[in-house]
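Okay, so here's the structure we're looking at.
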Amino acid sequence: MSTITKFDLFTILNWERGPYDHFIRRQMHLGLLQLLKEATEQRGVQIRILIPADEHIKDTINQAVKVCPKVDFRVAEEKLQTRITIVLIDKRECMIIELKDDTKDSSFYAAGLTTYSNSKSIISSYASIFESLWKQNELYEQLKIHDKMQQEFINVAAHELRTPIQPIIGLTEMLRSQIKDIKQLELLEITIRNAKRLMQLTNDILDVTKIEGKSLELKKQEFNLNDVVINAMNDITLDRDFLNNENIRLSYKPQDILIYADKGRITQVICNVLSNAVKFIKKDGTARTITIEIEKRVRRIGENKEDDVVVVSIKDEGQGIDPEIMPRLFSKFVSKSSQGTGLGLFISKSIVEAHGGSMWAENNADGKGATFSFSIPIWIRKHG
């Protein structure tokens with residue numbers, strides 16, 4: 001043992017059974033950490049340990065680091081999924097241990113088939129695997145740091161943009177009510193319109209960073225979806241694109257459907273789809289209708305399980321969806337319009353999926369326009 005200069009331990013446990021810190025805990029009970037501490041501090045052995053992450057493992061590793069401060073512990077990314085433990089000693093000996101059941105407290109019952117080898121070719125192969133995974137994990141950690149810094153920068157920049165935009169919109173609208181000159185009013189309208197576009201862009205950027213950072217929070221409450229649809233329709237009639245296109249008609253048959261969801265976010269989705277529908281209807285003098293429908297449906301979620309969902313469909317008679325962008329329709333920055341950023345549908349789909357629902361779109365069978373639909377579980381709160 002005194003001739004050993006490096007001791008690499010690479011362990012990846014079964015990700016489907018968990019908890020994944022049982023391996024380390026078993027070794028702690030067997031006194032392995034004390035042996036590792038002696039090897040690193042008394043004989044200068046270099047030890048690296050790569051293990052998978054879960055909600056418990058970090059606390060376990062923190063305890064292990066206190067005992068073995070010179071051991072290089074690294075938590076592997078979740079994409080690394082195997083059921084074996086590999087122990088490499090000086091690239092001269094190795095032991096491969098199959099994981100049988102990591103929930104067991106005893107290593108005897110937890111381990112399956114175990115193979116020892118001193119074959120140079122086998123050891124070389126496993127050493128290459130270990131080094132590759134170690135470097136891959138290192139790069140992954142660096143990438144996570146970079147992504148975090150990028151998201152923080154975007155967050156700060158977007159918040160800083162919102163601060164001056166709001167007074168610009170407010171003061172300009174106040175000024176508009178006091179001016180009678182038509183040319184000056186036109187200039188103010190351009191200013192207000194672009195300021196609102198910039199405000200929408202900053203809001204979209206903030207939403208995207210929350211979605212990608214998995215920090216989008218839903219403030220659920222019980223409400224009548226019918227009220228949300230009617231309010232969204234009233235809002236869209238004040239939209240400039242709607243006002244400038246006199247041939248658009250809205251169609252909706254009111255019906256009360258109570259749901260338990262984030263009212264503001266569901267409103268955002270409906271308004272976004274309605275706005276897109278209005279935007280892509282041509283001004284050719286022909287009457288065009290945008291039809292909104294809501295209905296309850298039963299969704300099968302397993303062999304013998306079902307739940308109630310509400311489906312919202314918005315059908316327009318516009319240009320339809322370009323076949324070129326159909327496969328990427330709900331991705332970021334996908335748009336055929338010069339007026340949008342291509343973030344709206346990505347955000348809308350993410351909001352729907354955060355509710356446990358789904359969103360889809362298709363061109364209408366008659367070749368006139370498209371239909372966008374989404375479904376979310378009703379989840380009516382039960383009152384005691």
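Which residue is farthest from residue 343 (Cα to Cα), if the candidates are limited to the stretch 151-205 and must be hydroxyl-bearing (Ser, Thr, Tyr) and either in contact with a helix residue (DSSP H, G or I) (Cβ under 8 Å, 6 or more places away or on another chain) or open to solvent by less than 70 Å² (accessible area, probe 1.4 Å) (or both)? Here the residue is 172.
Out of curiosity, is residue 29 out of contact with any Phe, Trp or Tyr (no Cβ under 7 Å at 6 or more places or on another chain), modelled with pLDDT under 70 and open to solvent by less than 50 Å² (accessible area, probe 1.4 Å)? No; evaluated as a whole, the condition is false for this residue. Looking at the stretch 324-334, can you tell me whether even one residue there is surrounded by 12 or more Cβ atoms within 10 Å (Cβ to Cβ), over 28 Å from the mean Cα position of the chain (by Cα) and not hydroxyl-bearing (Ser, Thr, Tyr)? No; the residues of the stretch 324-334 include none that is surrounded by 12 or more Cβ atoms within 10 Å (Cβ to Cβ), over 28 Å from the mean Cα position of the chain (by Cα) and not hydroxyl-bearing (Ser, Thr, Tyr).
Starting from residues that are assigned to a loop (DSSP other than H, G, I, E, B) and basic (Lys, Arg), keep the ones in the stretch 219-255 and report whichever is most open to solvent (accessible area, probe 1.4 Å). Among those residues, the one meeting the criterion is 253.
Checked against the criteria, residue 128 does not count as open to solvent by less than 90 Å² (accessible area, probe 1.4 Å), over 30 Å from residue 209 (Cα atoms), modelled with pLDDT of 80 or more and in contact with an Asp or Glu (Cβ under 8 Å, 6 or more places away or on another chain).
Whenever a residue of the stretch 306-323 is under 17 Å from residue 274 (Cβ atoms), its partners that are open to solvent by less than 60 Å² (accessible area, probe 1.4 Å) and among the basic types (Lys, Arg), lying with C-beta atoms within less than 6 angstrom and at least six residues away or across chains, give the pairs 317/288. Of all residues in the stretch 169-218, those satisfying the criterion of being part of a loop (DSSP other than H, G, I, E, B) and under 22 Å from residue 266 (Cβ atoms) are 213, 214, 215, 216, 217, 218.
The values are calculated or read from the model by the stated rules, or taken from the named source; none is laboratory data. Predicted model, so just to flag it, every value in this text is computed and none were measured. Don't worry about glycine lacking a Cβ; one is built from the backbone with ideal geometry, like all the others, and counts go over all protein chains shown. To get the accessible areas, we keep the full protein, side chains included, count just its heavy atoms, and leave off ligands, DNA and RNA. Shrake-Rupley method; radii C 1.70, N 1.55, O 1.52, S 1.80 Å.
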